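Colleague: Below is a structure I'd like to ask you about.
The values are calculated or read from the model by the stated rules, or taken from the named source; none is laboratory data. Just so we're clear, the structure is a prediction, and the values are computed from it rather than from any experiment. So basically every Cβ, Gly included, is an ideal-geometry build from the backbone, and we count neighbours across all protein chains shown.
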Amino acid sequence: MGSGIEGICPFRVEERKLTDNSSVDATLRALLADVLGLGEDRAAALTEDSGLFGELPEFDSMAVATVLTEMEDRLGILIDDDEIDGEIFETYGNLLAFSLRKVTD
Amino acid sequence: MSEHRLRIDPAGTPRATVLIVPPLFEEANRTRRTLVLAMRALSAEGSAAVLSDLPGQNESLVPLVEVNLDRWQDALAEVVSGIDGPTIIASFRGGALIDHKAKAKAWWRLAPVGGASLLRTLMRARVSADREAGVASSLESLQDEAKTAPLLLAGNRLSPAMIAQLGASEAQVVEPLRSVGLGADGIVGTPLWLRAEPGEDAAMAAAIAADISAWSKTCGIS
């Protein structure tokens with residue numbers, strides 16, 4: 001299981017940014033597939049508006065906890081309690097935006 | 001007190017016994033079926049495979065709140081001391097935190113994890129459940145509470161000693177050891193221990209058994 005972050009050397013800053021964003025996206029989809037047992041197809045079909053907590057029956061409080069710890073491990077970030085509110089897990093778009101913010105912090 | 005033990009024997013005399021040390025807490029339930037499939041594959045390859053309940057888990061009569069990592073390490077050491085012939089320990093995830101006290105001939109570990117990471121997930125599940133119930137708690141407030149009283153974490157009542165040990169626990173150095181992860185250069189499969197609902201992976205079970213068998217042969221256990 002790789003981190004999804006490839007060691008490629010980009011030519012321009014903008015391209016590197018794009019690579020980072022798409023690798024965070026890929027890492028997050030793989031992680032949700034692992035925790036929620038979504039399968040590659042369902043994970044790939046997640047859109048910004050796809051509902052998570054409250055929408056997917058598998059997404060219970062234990063799954064939330066597992067996702068947070070795996071995000072820390074795979075994205076190399078630390079997440080504080082007070083950064084978590086219900087909104088982060090409302091949609092895939094919110095979770096991705098939160099992750100990108102943390103990665104670039 | 002002797003704990004319930006699942007043992008799968010090969011057709012003839014076993015060339016070795018593989019003691020399976022499962023992941024800890026809920027992760028054990030998520031992986032149990034695949035681990036037992038791996039045990040069957042091991043027995044088909046000529047080894048005996050043993051999976052023993054840890055005190056306080058599964059069929060054990062011991063209350064979970066009375067155990068800690070030390071006691072689990074001792075329990076596994078006792079299981080191994082009662083096994084005839086060479087024993088190979090195969091531990092998974094948090095199982096790697098309790099497998100070093102036993103006198104084995106060789107160790108094999110899949111995706112070992114630090115205790116702090118397991119504890120963080122358990123505590124987060126509690127914070128998340130508390131929030132849904134309208135109770136305010138945090139990782140810090142739970143840490144403080146755990147210094148003096150048992151804590152109920154995702155259905156597990158854990159003693160202050162267990163929580164302190166978990167928070168500081170890392171897999172210990174053992175020899176000889178093969179430590180593998182998931183992926184093309186390790187075991188091909190999915191991290192079933194993370195799965196919100198239990199699944200199974202027969203191909204992964206076969207890969208686990210094949211890797212343990214091949215490794216143990218290179219250690220001169222045949």
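Colleague: Can you pull out the residues in segment A:68-79 that are more than 7 Å from chain B (Cβ to nearest Cβ) and in contact with a Lys or Arg (Cβ under 6 Å, 6 or more places away or on another chain)?
Modeller: Scanning segment A:68-79 gives a single hit, A:Ile77.
Colleague: Could you grab me the full set of residues in segment A:34-67 that are more than 13 Å from chain B (Cβ to nearest Cβ) and among the small types (Gly, Ala, Ser)?
Modeller: Selection gives A:Ala44, A:Ala45, A:Ser50, A:Gly51.
Colleague: Can I ask one more? Suppose the filter is touching a residue at least 24 places away in the same chain (Cβ under 8 Å) and over 24 Å from B:Ile163 (Cα atoms); does B:Thr13 pass it?
Modeller: Here the answer is no, as B:Thr13 does not meet what is asked.
Colleague: Identify all residues within segment B:139-157 that are exposed (fewer than 15 other Cβ atoms within 10 Å of the Cβ), under 23 Å from B:Asn29 (Cα atoms) and not aliphatic (A, V, I, L, M); write none if there are none.
Modeller: Selection gives B:Gly155, B:Arg157.
Colleague: When you look at A:Ile88, is it within 20 Å of B:Gly134 (Cα to Cα), buried (at least 16 other Cβ atoms within 10 Å of the Cβ) and over 13 Å from the mean Cα position of the chain (by Cα), yes or no?
Modeller: No: the conditions fail for A:Ile88.
Colleague: Does segment B:27-48 include one or more residues that are of a type in the set (Asp, Glu) and without any contact (Cβ under 8 Å) to a residue 40 or more places away in the chain?
Modeller: Scanning segment B:27-48 turns up no residue that is of a type in the set (Asp, Glu) and without any contact (Cβ under 8 Å) to a residue 40 or more places away in the chain.
Colleague: Across segment A:22-70, what is the total count of residues that are touching a Leu at 6+ places or on another chain (Cβ under 8 Å) and part of a helix (DSSP H, G or I)?
Modeller: Of the residues in that region, 15 qualify.
Colleague: Can you name the residue in segment B:69-82 that is crowded, with 19+ Cβ neighbours inside 10 Å and in contact (Cβ under 8 Å) with a residue 40 or more places away in the chain and is also farthest from B:Leu152 (Cα to Cα) among such residues?
Modeller: Checked segment B:69-82; the qualifying residue farthest from B:Leu152 (Cα to Cα) is B:Val80.
Colleague: Hey, any hits in segment B:93-101 for a residue that's of a type outside the set (D, E, K, R), under 29 Å from B:Thr13 (Cβ atoms), surrounded by fewer than 23 Cβ atoms within 10 Å (Cβ to Cβ) and at pLDDT 95 or above?
Modeller: Yes, that holds for at least one residue.
Colleague: Against the definition (surrounded by fewer than 18 Cβ atoms within 10 Å (Cβ to Cβ), small (Gly, Ala, Ser) and modelled with pLDDT under 95), how does B:Gly85 come out, yes or no?
Modeller: Yes.
Colleague: Here is a follow-up. Could you list, in sequence order, the residues of segment B:207-222 that are in a loop (DSSP other than H, G, I, E, B) and not β-branched (Val, Ile, Thr)?
Modeller: B:Cys219, B:Gly220, B:Ser222, listed by residue number.
Colleague: Pick out the one residue from A:Leu78, A:Leu31, A:Leu68, A:Leu100 that is within 22 Å of B:Leu122 (Cβ to Cβ) and surrounded by fewer than 18 Cβ atoms within 10 Å (Cβ to Cβ).
Modeller: None of the other options fit; the residue is A:Leu78.
Colleague: Those residues that are small (Gly, Ala, Ser), without any contact (Cβ under 8 Å) to a residue 12 or more places away in the chain and either surrounded by fewer than 18 Cβ atoms within 10 Å (Cβ to Cβ) or outside the structural domain of B:Asn68 (by TED's automatic domain parsing) (or both), I need them from segment B:158-205; list them, please.
Modeller: Residues satisfying the conditions are B:Gly183, B:Ala184.
Colleague: Among the residues of segment B:180-206, write down those that are within 14 Å of another protein chain (Cβ to nearest Cβ) and either of a type in the set (A, V, I, L, M) or not in a loop (DSSP other than H, G, I, E, B) (or both).
Modeller: B:Val180, B:Leu182, B:Ala184, B:Ile187, B:Val188, B:Leu192, B:Trp193, B:Leu194, B:Ala196, B:Met204
Colleague: If you check B:Leu64 against the conditions, is it crowded, with 17+ Cβ neighbours inside 10 Å and either touching a Ser or Thr at 6+ places or on another chain (Cβ under 7 Å) or within 14 Å of chain A (Cβ to nearest Cβ) (or both)?
Modeller: Answer is no for this residue.
Colleague: Among A:Arg12, A:Arg16, A:Arg42, A:Arg74, which is basic (Lys, Arg), at pLDDT below 95, farther than 23 Å from B:Val113 by Cα and within 16 Å of the chain's Cα centre (by Cα)?
Modeller: Selected residue: A:Arg42, the only one of A:Arg12, A:Arg16, A:Arg42, A:Arg74 that is basic (Lys, Arg), at pLDDT below 95, farther than 23 Å from B:Val113 by Cα and within 16 Å of the chain's Cα centre (by Cα).
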